[in-house]
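Below you'll find the structure, written out as structure tokens, and then a few comments.
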Amino acid sequence: MKNKLVKILLLFKFDLKNTGVIWFFPLVMWVISVIYLILQVPIDQSSIYNSIIMFQGFYVPFIGFGIMFRLKELYEDGASESLMPYYTLNLPLDIVRYLLLHFFGVIIWCLVFSIKYDINLIWPINIIHFFLLSILFIFFSTTLIITIKHIEFSLTVLLTYVVIEMATLGEFMPWPHVFIFDQVSLYPELRLKFVFICFYIICLVCATGILIKRDSTKKTNSI
Amino acid sequence: MIEISGLTKRTKKKEILRDINIKMDGIYGLIGPNGAGKTTLMKIISGLTSMSSGRISINGEDYTKGKYLKQNKHTAYLPQDFMIYPKVTVNEALDHIALLKGILDKNVREQKVYNSLKEVNLLEHKGKKMSQLSGGLRKRVGIAQLLLDEPSILLFDEPTAGLDIEERIRFRNLLKHLGDNHVIVISSHIIEDIEFLATRIGILKEGKLLFEGTPEKLKQAAEQKIWTAQIPLEELSKFILDQDVISLTEEGKNVNVRVYSSTSINSSSYEIATPRLLDGYLSVIREHKI
Ligand SMILES: Nc1ncnc2c1ncn2[C@@H]1O[C@H](COP(=O)(O)OP(=O)(O)OP(=O)(O)O)[C@@H](O)[C@H]1O
Ligand SMILES: [Mg+2]
């Protein structure tokens, strides 16, 4: 157990060194959403929800940022064959450690929210929703980078989705809507939304597994 | 030792490797022109790509599992264009690889990294960033990274490609040194790269193994086929058009030419020459011209 923790710390340290300051991007987004939450002066009940929307749009989608930058190394020229075997074996640990790191982020934000307002406003629906979104986005990011094999394009896809969802408040575009933009009590078909999010998570987990397996054995078009 | 029998790899379009049977031991030179299938063969041996049929055993144990070779601790493969983690130092990159290999104890990791850096003569460069390294040093990091696992068989794909002459010499010495306690397979399309280095040579062309044996045997393949003559410099351009000239050396106003001819030349100005490794290679390739 102690060994595992030391390994996780070393892996984070290496990722930071290898990625550079940009590794702190999700942290910056998190700090922004916490500061917004602290400074916000709510005019009415529904404006409290702005900070929740802010948290979903600014921080949660970037939970997979670190893992994207980690896996990007695989697709640099000349690195694939050498790194692939180790990265494949290590992928579950990589996903789990980033997920755990960001769970802390979610928990602390929720604590700040409960101190400022009332935990009953976000418990249980929003809090569970945050955790599900974290899992969803970490696997979405992983799938993106493994499929596209290119960090800039993957980030663009992720960003496009988030920005459009935020701008249209989860309507309009004919693709999955995973964010919650309003008081949960007012939300129609909330249960269905949760079922769908779980379904997307399962799909993305499978996609990640299948894609990394395919990459690691480089099945060429042999008969 | 690697023993390959009946190895074939086909794609929908073409046959990349055809019925290869080789025993690789000592320092093995795998030579062949571009597209011969050298990289493919090495990737199959290291389990990175599939084969269509055939069996491969390593150090006496058959590792074939379906179309792939099982990953094993014996072999390690250095790709043609090795490069990892451009932004970190040599030491950090190796330490990280060691960690990924599952060596959790810090002291053991440091010791292993130190040993493999020492083995490839990189200790003085360990603080440099990967992106600052020259091609030769980068390849040496690639080897150091492989040595962490203490494999007994090293596969190097065109290790000297893109290196300058100094680096080439240093690299050759390193390979010779590693050959003392490893089986080494080197692929190249330049026969000079493995001259005086390889203990056995295999020539691959269009997926077929055309020749297999010692350097001596390869030289013998050109016996009675290489001729030398001395011609005046002025006649050279015409001469090159008529004859199959392999090499030229200048000597005063004359040029010494080496000519390949499978039939004997009845002319007093020609002398039969002792074949070199390159001559052997060329005659093998030429005899199989389609
Ligand atoms: N994944 C693949 N699918 C289809 N054809 C392939 C694949 N990989 C290689 N080939 C073909 O197989 C042949 C052998 O390729 P290979 O890279 O093994 O040659 P090589 O001897 O390493 O050449 P070079 O000296 O240029 O590195 C080539 O004609 C190439 O086009
Ligand atoms: Mg090649």
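The values are calculated or read from the model by the stated rules, or taken from the named source; none is laboratory data. On a predicted model such as this, the values are computed, not experimentally measured, just so you know. Don't worry about glycine lacking a Cβ; one is built from the backbone with ideal geometry, like all the others, and counts go over all protein chains shown. The protein model used for the area step is the full one, side chains on, heavy atoms only, and it has no ligands, DNA or RNA in it. Shrake-Rupley method; radii C 1.70, N 1.55, O 1.52, S 1.80 Å.
General remarks:
- Any hit, the stretch B:108-130, residues being touching a residue at least 24 places away in the same chain (Cβ under 8 Å), open to solvent by 60 Å² or more (accessible area, probe 1.4 Å), touching a strand residue (DSSP E or B) at 6+ places or on another chain (Cβ under 8 Å) and not in a loop (DSSP other than H, G, I, E, B): yes
- Restricting attention to the stretch B:19-52 and to residues that are more than 19 Å from B:I191 (Cα to Cα), open to solvent by 30 Å² or more (accessible area, probe 1.4 Å) and away from chain A (no Cβ under 14 Å), the residue that is nearest to ligand 1 (Cβ to nearest atom) turns out to be B:D19.
- Filter result for B:K73 (within 27 Å of B:E3 (Cβ to Cβ), more than 8 Å from chain A (Cβ to nearest Cβ) and surrounded by fewer than 20 Cβ atoms within 10 Å (Cβ to Cβ)): yes
- For B:G102, the conditions (1) open to solvent by 60 Å² or more (accessible area, probe 1.4 Å); (2) without any contact (Cβ under 8 Å) to a residue 12 or more places away in the chain all hold with the exception of (1).
- Criterion applied to B:G37, B:G26 was being within 16 Å of ligand 2 (Cβ to nearest atom) and within 17 Å of the chain's Cα centre (by Cα), and the one residue passing it is B:G37.
- Verdict on B:S46 being within 16 Å of ligand 2 (Cβ to nearest atom) and touching a Ser or Thr at 6+ places or on another chain (Cβ under 9 Å): yes
- Residue identified as outside any helix (DSSP H, G or I), under 18 Å from the mean Cα position of the chain (by Cα) and of a type in the set (D, E, K, R) among B:E212, B:E223: B:E212
- Counted as qualifying within the stretch A:1-75 are the helices (runs of 4 or more DSSP H) with 3 or more residues that are free of Cβ contacts under 8 Å to residues at least 24 places away in the same chain, within 12 Å of another protein chain (Cβ to nearest Cβ) and at negative phi, namely A:2-19.
- Residue match in the stretch B:241-250 (condition: part of a helix (DSSP H, G or I), at pLDDT 85 or above and outside the structural domain of B:N34 (by the TED database)): yes
- Subset of the stretch B:240-290 [surrounded by 12 or more Cβ atoms within 10 Å (Cβ to Cβ), more than 17 Å from B:I31 (Cβ to Cβ) and basic (K, R)]: B:R258
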